[in-house]
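Peer 1: Handing you this structure, nothing more for now.
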Amino acid sequence: MAFPRASGILLHPTSLPGPYGIGDLGQAAYDFIDFLVASGQKLWQILPLGPTGYEHSPYTMNYSAFAGNPLMISLDRLAQTGLLHRADLEPLGDVDPERVNFEGAIAHKTRYLEQAYQQFSPSPAFAEFCQEQAWWLEDYVLFIALHEQHPDLMWYQWPPELARREPTALAAQREALAERLTYHQFLQFQFFEQWRSLRTYANERGIQIIGDVSIYVCEHSADVWANQEIFKLDPETLAPIYRAGVPPDYFSATGQLWGNPVYDWEKMEQTDFDWWVDRFRATLLYVDLVRIDHFRGFEAYWQVPGQETTALNGEWIPAPGEAFFQTLGHRLGHLPVMAEDLGVITPPVEALRDRFDFPGMKILQFAFGEDAQNPYLPHNYNRNCVVYVGTHDNNTALGWWGEATPTERHNLAHYLGYRSPERLEGVNWRLIGMALASVANQAILTLQDLLDLDSQGRMNDPSVNGGNWRWRYHSSEQLTADLATRLRELTQRYNR
């Protein structure tokens, strides 16, 4: 569907400032919403909120598509409810305030979360949460508890009776691990209580939250373990027969091998896409709009044999995208969906997107390497799209400009009316203005570009496996009144 003209900022909660090594759902999140309001924005886009594993990618290393990341639980908010003593809360010392310290934050915050659990008395609200969410929560907490018992093993390497989910074995583990199951239920309850409060604060101030649904789930996740029949797994070993990725593209000459197991879409269709319907229904309980990552995978997906080390030797496999979205609309009604249609986009992918009137994405950093027919140039947009200077996968605007080819620098300068790129200053704000001025119904900016950051502010580099997802800003004081005024004036000038 087409959305009203608006603009907003892309910022994952882990990038918020705070003393515990990672951004969370505490006061800095409320300060950020206040900045959105002061700067005239209407949208806050986030990345997937789930608990992350190795290298902490919210897209490829998620233990659950339904759970929240306990590291985002605010310790200060727990103190406000009496579960912790504020005087006992110590900051995580000796850390870079502009980098998430995942390892340090895990150890530091887990100690306090376990203390809070010891002070927690189950309430009617907690019981109601566990009952309403039991359809995913029971499998998730058991998966996490078993993962704690076997931290170095994939789920399909667990004892066979657990890997294959034999009812007697699962019942025995639920009894033996009962205390850990309740602890992980407690963490999910606290996460979603804090998130619900934050979203309500945003909505009451006219801010809508754009969530993100990654098309795939992690190989070592409760989703695959509990739903083995809908993935292409080896019947003997239960390991993935095929893995997901994309062929060579803008980001990598050997493609991107994400490693996620691919779906058995035929079996999914036989169940009326129940798992996906549940996933969207759950997501829409906590966000207002949904960005579908790797939308083209619903038309056809890149399938790579499970033992390959790059994505080169894959093939495109058709997916039942039209039947899926028809079913989703029939069962859920209104679909507030945005489509991430980047990469190898074919006419059938565009037809699927347009069949359901989903807005696609335009990236200004992709616009200046070709001629005037480049689809990412603003004069080629239709209204039903979302424009970005860059996304979480791109460099910052200043970082991009520093690495831009002579052709890109020349084309951008001429597009802005300059004879020479040497005369062009403040490239990030020029691109911000270009995005806001375009006819695209929605424009999403990154906070890094608003803060004039270079490549040090990059969130993710898809061509590099390690060290991503760690950028954060160091203080809410960076969100100054002058910055809010500057952005608000541009936003009002272009009727957003």
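Here, each number is a calculation from the coordinates, and none is a lab measurement. Being a predicted model, the structure only gives us computed values, none of them experimental. With ideal geometry, Cβ positions are generated from the backbone for all residues, glycine too; neighbour counts draw on all protein chains shown.
Peer 1: What is the dipole size for the stretch 74-125, taken about its Cα centre, with +1 at each Lys and Arg Cβ and -1 at each Asp and Glu Cβ, in debye to the nearest 20?
Peer 2: Details: 5 positive and 8 negative charges, 54 e Å.
Dipole magnitude for the stretch 74-125 comes out near 260 debye.
Peer 1: Note down, for the stretch 240-359, the three equivalent ellipsoid semi-axes (square root of 5 times each alpha carbon gyration tensor eigenvalue), biggest first, whole angstrom. Please list the in-between numbers first.
Peer 2: Values: eigenvalues 128, 54, 35 Å².
Ellipsoid half-lengths, sorted descending, are 25, 16, 13 Å.
Peer 1: Just to check I understand the Karplus step: with θ = phi - 60° and J = 6.51 cos²θ - 1.76 cosθ + 1.60, what whole-Hz values come out for the stretch 88-95, glycine and proline as x?
Peer 2: Result, ordered by residue: 8, 6, 10, x, 7, x, 6, 10 Hz.
Peer 1: For the stretch 81-96 and the stretch 381-449, what is the separation of their Cα centres, given in Å?
Peer 2: For the stretch 81-96 versus the stretch 381-449, the Cα centre distance is 40 Å.
Peer 1: Sticking with this one: Viscosity 0.890 mPa s, temperature 25 °C: what is the translational diffusion coefficient of the stretch 132-262 from Stokes-Einstein with a Kirkwood Rh over Cα pairs, rounded to a whole number of µm²/s?
Peer 2: Details: Rh = 17.2 Å.
My calculation gives 142 µm²/s for D.
Peer 1: In what sequence do R205, R331 fall when counting other Cβ within 10 Å, fewest first?
Peer 2: Numbers: R205 12, R331 15.
Fewest-to-most ranking of R205, R331: R205, R331.
Peer 1: Find how much the distance from R111 to D482 grows on full extension, using 0.36 nm per residue of separation minus their present alpha carbon separation; answer in nm with one decimal.
Peer 2: Numbers: separation 371, 0.36 × 371 = 133.56 nm, distance 3.93 nm.
129.6 nm is the gain from fully extending R111 to D482.
Peer 1: If I stretch the segment between E370 and T310 completely, what's the gain in nm (0.36 nm per residue apart, minus their alpha carbon distance), one decimal?
Peer 2: Details: separation 60, 0.36 × 60 = 21.60 nm, distance 2.85 nm.
Extending this stretch completely gives an extra 18.8 nm.
Peer 1: Report, by chain and number, residues whose modeled amide H sits under 5 Å from the one on S214, excluding near sequence neighbours (fewer than 5 apart, same chain).
Peer 2: Sorted by chain and number, the residues that satisfy this are D293.
Peer 1: Ok, one more. Give me the one-decimal nm value for the distance between modelled label points at E403 and E128, 7 Å along each residue's Cα-to-Cβ direction.
Peer 2: Result: 4.9 nm between the two label points.
Peer 1: Could you please rank C385, C130, placing first whichever residue has the fewest other Cβ atoms within 10 Å of its Cβ? Numbers along the way, then the final one.
Peer 2: Values: C385 24, C130 19.
If I rank by nearby Cβ atoms, fewest first, I get C130, C385.
Peer 1: Output the Cα-based Rg and Dmax of the stretch 54-184 in Å, rounding Rg to one decimal and Dmax to a whole number.
Peer 2: Answer for the stretch 54-184, Rg first and Dmax second: 16.6, 48 Å.
Peer 1: Now a separate question. Run the numbers on the chain and let me know its relative contact order in percent, using alpha-carbon pairs under 8 Å that are six or more apart. Kindly include the intermediate steps, with their values, before the conclusion.
Peer 2: Numbers: 864 pairs, mean separation 104.9, N = 496.
Result for the chain is 21 percent.
Peer 1: For helix 102-119, what angle does its Cα long axis make with the longest principal axis of the chain, in degrees from 0 to 90 and rounded to 10?
Peer 2: Tilt of helix 102-119: around 50 degrees.
Peer 1: Could you give the angle, 0 to 90 degrees to the nearest 10, between helix 167-176's Cα long axis and the longest principal axis of the Cα atoms of the chain?
Peer 2: Relative to the chain, helix 167-176 is tipped by roughly 90 degrees.
Peer 1: With r as the distance between the Cβ atoms of D288 and Q326 and R0 = 30 Å, compute the FRET efficiency 1/(1 + (r/R0)^6) and round to 0.05. Don't skip to the answer; put the middle values down first.
Peer 2: Details: r = 23 Å, r/R0 = 0.76.
In this case the efficiency is close to 0.85.
Peer 1: Tell me, what HN-Hα J-couplings in whole Hz come from the Karplus equation 6.51 cos²θ - 1.76 cosθ + 1.60 at θ = phi - 60° for each residue of the stretch 143-154, using x for Gly and Pro?
Peer 2: 4, 5, 5, 5, 4, 5, 6, 10, x, 9, 10, 6
Peer 1: Taking the 0 to 90 degree range and rounding to the nearest ten, how far is the long axis of helix 481-493 tilted relative to the main principal axis of the chain, both from C-alpha atoms?
Peer 2: It is inclined by approximately 70 degrees.
Peer 1: For Rg and Dmax of the Cα atoms in Å, pick the label among (i) 21.6, 69; (ii) 25.9, 82; (iii) 22.7, 75 that corresponds to the value derived from the coordinates.
Peer 2: Label (iii) holds the value from this structure.
Peer 1: For the stretch 445-456, take each phi angle, set θ = phi - 60°, evaluate the Karplus expression 6.51 cos²θ - 1.76 cosθ + 1.60, and give the result in whole Hz per residue in order, putting x for glycine and proline.
Peer 2: My calculation for the stretch 445-456 gives 10, 9, 5, 4, 5, 5, 8, 6, 8, 8, 4, 5 Hz in order.
Peer 1: Expressed in nm to one decimal, what extension gain is obtained for the pair M154 and K267 from 0.36 nm per residue of sequence separation less their Cα-Cα distance? Please report the intermediate quantities before stating the final value.
Peer 2: Working: separation 113, 0.36 × 113 = 40.68 nm, distance 2.38 nm.
Contour length minus the Cα-Cα distance gives 38.3 nm.
Peer 1: Ranked by Cβ crowding within 10 angstrom, fewest neighbours first, how are L84, L445 ordered? Show your work: numbers first, answer last.
Peer 2: Working: L84 19, L445 29.
Going from sparsest to densest Cβ surroundings: L84, L445.
Peer 1: Mind giving me the nanometre distance, one decimal, between the label points for L416 and T182, set 7 Å out from Cα along Cα→Cβ?
Peer 2: Each label point lies 7 Å from its Cα, and together they span 6.1 nm.
Peer 1: Okay, moving on. Restricting to DSSP H runs of at least four residues, report the calculated mean residue ellipticity at 222 nm for the chain, -39500 (n - 2.57) per run over all residues, nearest 500 deg cm²/dmol. Before the final figure, lay out the partial values.
Peer 2: Working: 18 runs with 189 residues, N = 496.
It lands at -11500 deg cm²/dmol.
Peer 1: On the principal axes of its Cα set, how long, how wide and how thick is the stretch 3-100? Give whole Å, largest value first.
Peer 2: If we take the Cα atoms of the stretch 3-100, the spans are 46, 33, 28 Å.
Peer 1: Could you tell me which of T346, L364, F325 has its Cα farthest along the dipole of the stretch 319-377 towards the positive end, charges placed at Cβ (Lys, Arg +1; Asp, Glu -1), taken about the Cα centre?
Peer 2: Toward the positive end, the furthest listed residue is F325.
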